[in-house]
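Read the structure below first, then the notes.
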Amino acid sequence: MDLDLTRRRERLEAALGNFWQPMALAARFDSLAASVPDRPYVITDSRSYSYRDMQEWSRQVARGLHEIGVRPGERVALVVDNRPEFVAVKLAVARLGAVAVPVNFSYRADELAAALNGCEASVLISIDAAIGVDRLAVLDELVPGWEGGAASDGVPRLRRVVLVDNRRRPDGLDLRGLLDRAAGLPESGLRRLEDAVAPDSACDIVFTSGTSGYPLGAVLSHDMVLRSAYGSAYHRAFDDGWRICFSLPLYHVFGYVEGLLAAMFAGGAIVPQPVFNPRSILTAVQRHRVSEVLFVPTMSVAVVEEAARHSYDLSSLQSVFSAAAAAPVWLWQRIEKQLAPRQVFTGYGQTEVSAATALTLPGDPVELVAETVGREKLGGVAAPAGLDGSLARYRTVDPFTGTPLPAGAEGELSVRGPIVTRGYFNDPGRTAALIDADGWLRSGDLGRVRDDGYLELTGRSSELFKVGGELVAPKQVEQVLTGYQGVAQAYVAGVPDERLGEVGWAWVVAGEGAQPSEAELLRHCRSHLAPFKVPRKITFLSADELPKTSTGKVQKYLLVRNRLGS
């Protein structure tokens with residue numbers, strides 16, 4: 001092994017005392033912050049927040065949340081984009097032993113209601129606007145009069161809405177108002193609450209798209225996300241003070257675990273970007289001496305194109321981690337040429353496994369990075385006995401029966417380990433269907449584990465598809481389309497796209513005597529769905545033109561094949 005990699009990993013191990021002690025999230029943050037209190041943890045163009053800054057801020061927010069009734073085990077939903085407030089609130093919720101539920105900030109009212117009800121959130125903390133979405137208008141539609149306390153038949157468990165900033169609604173409670181209430185809980189009282197948080201208790205409920213149409217909430221414990229984050233720092237061999245830049249939303253485990261949490265194990269920092277812009281990313285690398293960037297492949301393409309057009313000082317860049325979809329060899333070659341990192345990575349995982357469970361190794365050739373998604377993630381001292389130093393173990397099973405297959409056989413990938421969820425919130429049926437009694441989780445992806453330990457993906461066992469790294473469940477889009485007057489049937493599937501990997505395509509059968517246009521149906525979708533879920537195009541056909549099985553089921557793969565052949 002490279003001596004520099006060995007040195008970095010030994011330093012990471014030494015910072016933990018060369019053994020893994022399960023801890024709650026806030027306790028782990030505080031223990032790491034004690035050694036580097038004045039180092040930056042969250043860096044923006046206007047200000048840097050040190051570990052001490054974030055520690056004190058999150059404690060004040062926690063005390064304020066307690067004063068409005070947040071108690072251990074309660075769910076607090078976060079509709080907050082990539083700004084320092086997300087970090088302060090996330091740590092504050094963890095300090096109380098409550099459960100953070102990060103929610104996609106592009107959700108409209110129906111989608112937000114489904115998420116809030118799905119996790120039974122009692123408090124919602126929200127920004128007032130996101131790109132393309134007036135969050136206050138969404139709140140007004142969902143919880144009229146929310147400024148005086150939430151009370152709505154649509155979200156019956158929700159009792160309070162807190163804005164990040166209430167400049168537009170001065171009657172509403174915001175984070176500054178929470179700080180004014182912090183004195184109600186003495187510091188000693190907060191300490192008792194922090195000390196009572198168990199490492200194996202729920203820390204997060206993170207939504208993952210499912211075939212049921214609306215997202216399902218995977219329950220992640222404190223120890224799960226911390227082991228996964230430490231394993232990522234160890235596997236990718238973070239150097240001291242490692243800085244990570246990304247525009248991936250913090251409501252995703254990719255940005256949350258692989259960025260925010262992983263950085264703290266090296267006394268490092270994150271440089272979060274509120275939106276993706278290749279020029280802004282490269283400028284941030286240059287300005288803030290960034291060590292690593294996190295991308296999905298569509299971002300990687302845009303960034304290398306920008307780097308080829310303009311000159312940036314990228315001498316600090318040591319690593320490019322691009323995952324969530326396949327990338328061809330030529331893209332990895334361009335990354336190495338235009339960005340010149342010391343190492344490149346891809347990986348594989350999902351919400352239920354606390355981000356990545358497989359990663360390529362430092363120094364792997366781009367051909368291997370392109371044809372596989374890596375091998376089981378190394379855990380260092382965080383790896384339990386029996387997993388040969390890794391945090392997860394993969395095998396394949398028959399996608400129809402769930403029966404384990406011989407080593408090397410192609411099938412549905414199944415995984416277990418200390419970073420794999422034990423279940424979905426309030427969904428024992430889904431939990432039982434996907435997680436067996438021994439803790440093996442069925443991933444929904446087809447692939448195989450090669451003799452060299454690397455994983456290859458060969459397809460999906462479900463209809464889910466990804467648009468620029470965002471999972472889309474066709475059933476939800478179909479329900480929106482068929483809810484429009486004049487639509488009798490609707491079928492949605494993913495089709496290949498050069499920049500986004502896949503985009504949605506809809507096939508619609510109009511009702512008798514109706515003639516809905518593509519423009520009005522797309523407009524309807526945009527008013528009910530996040531932008532990435534809206535189909536790119538709509539094809540109209542008659543019911544007789546739908547390809548069906550002998551039992552009358554529509555064969556979507558033939559719709560896609562016919563579309564690609566046209």
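The values are calculated or read from the model by the stated rules, or taken from the named source; none is laboratory data. These figures come from a predicted structure and were not determined experimentally. Here the Cβ is made from the backbone with ideal geometry for all residues, glycine too, and neighbour counts use every protein chain on show.
Key figures
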item: First in the stretch 444-461 and under 24 Å from T431 (Cα atoms), second anywhere and in a loop (DSSP other than H, G, I, E, B) and at pLDDT 95 or above, Cβ under 7 Å, 6 or more apart; result: R448/G408; R448/A409; L457/V373
item: Filtered residue count, the stretch 150-165, keeping only those that are part of a loop (DSSP other than H, G, I, E, B) and within 27 Å of the chain's Cα centre (by Cα); result: 8
item: Spans of helices (runs of 4 or more DSSP H) in the stretch 208-323 with at least 2 residues over 28 Å from W20 (Cα atoms) and not assigned by TED's automatic domain parsing to the domain that holds K533; result: 278-288, 297-309
item: Filter result (at pLDDT 95 or above and within 15 Å of the chain's Cα centre (by Cα)) within the stretch 186-216; result: C203, D204, I205, V206
item: Of the criteria (1) touching a residue at least 12 places away in the same chain (Cβ under 8 Å); (2) out of contact with any Ser or Thr (no Cβ under 9 Å at 6 or more places or on another chain), which one L136 fails; result: (2)
item: Check on A355, buried (at least 24 other Cβ atoms within 10 Å of the Cβ) and either in contact with a helix residue (DSSP H, G or I) (Cβ under 6 Å, 6 or more places away or on another chain) or at pLDDT below 95 (or both); result: yes
item: Criterion (crowded, with 22+ Cβ neighbours inside 10 Å and part of a strand (DSSP E or B)) met by exactly one of V89, V42; result: V42
item: Number of the condition not met by L12 [criteria: (1) under 30 Å from H235 (Cα atoms); (2) under 26 Å from the mean Cα position of the chain (by Cα); (3) assigned by TED's automatic domain parsing to the domain that holds V89]; result: (3)
item: Any chance A114 is among the aliphatic types (A, V, I, L, M), in the same structural domain as Q60 (by TED's automatic domain parsing) and modelled with pLDDT of 95 or more; result: no
item: Qualifying positions in the stretch 395-441 - closer than 19 Å to T458 by Cα and in contact with a Cys (Cβ under 8 Å, 6 or more places away or on another chain); result: none
item: Residues satisfying the stated conditions in the stretch 399-455, i.e. more than 23 Å from C119 (Cα to Cα) and of a type in the set (A, V, I, L, M, F, W, C); result: F400, L405, A407, A409, L413, V415, A437, W440, L446, V449, L455
item: Failed item in (1) surrounded by fewer than 24 Cβ atoms within 10 Å (Cβ to Cβ); (2) closer than 27 Å to D2 by Cβ; (3) in contact with a His (Cβ under 8 Å, 6 or more places away or on another chain), with R279 passing the rest; result: (2)
item: Residue match in the stretch 358-380 (condition: part of a strand (DSSP E or B), among the polar types (S, T, N, Q) and surrounded by 22 or more Cβ atoms within 10 Å (Cβ to Cβ)); result: no
item: Enumeration of residues in the stretch 22-39 that are over 19 Å from L378 (Cβ atoms) and outside any helix (DSSP H, G or I); result: M23, A24, A34, S35, V36, P37, D38, R39
item: Scan of the stretch 305-346 for residues that are touching a residue at least 60 places away in the same chain (Cβ under 8 Å) and within 21 Å of the chain's Cα centre (by Cα), ordered by number; result: S319, F321, A323, A324, A325, A326, F345
item: Close pairs (9 angstrom Cβ cut-off, 6 or more residues apart or separate chains): on the phi < 0 side of the Ramachandran plot in the stretch 542-553, of a type in the set (V, I, T) and modelled with pLDDT of 90 or more anywhere; result: S542/V509; A543/V509; E545/V509; L546/V509
item: Every residue from the stretch 396-431 that is more than 24 Å from the chain's Cα centre (by Cα) and either under 17 Å from Y348 (Cβ atoms) or of a type in the set (S, T, Y) (or both); result: T396, V397, T401, T403, E410, G411
item: Residue tally, condition free of Cβ contacts under 8 Å to residues at least 12 places away in the same chain and of a type in the set (S, T, N, Q), over the stretch 162-205; result: 1
item: Residue satisfying all of: in the stretch 8-21; in a helix (DSSP H, G or I) and surrounded by 13 or more Cβ atoms within 10 Å (Cβ to Cβ); modelled with the lowest pLDDT among these; result: A15
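Yes/no per residue for (1) on the phi > 0 side of the Ramachandran plot; (2) among the hydrophobic types (A, V, I, L, M, F, W, C); (3) touching a helix residue (DSSP H, G or I) at 6+ places or on another chain (Cβ under 6 Å):
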{"residue": "A473", "(1), (2), (3)": "no, yes, no"}
{"residue": "G483", "(1), (2), (3)": "no, no, no"}
{"residue": "V509", "(1), (2), (3)": "no, yes, yes"}
{"residue": "L521", "(1), (2), (3)": "no, yes, no"}
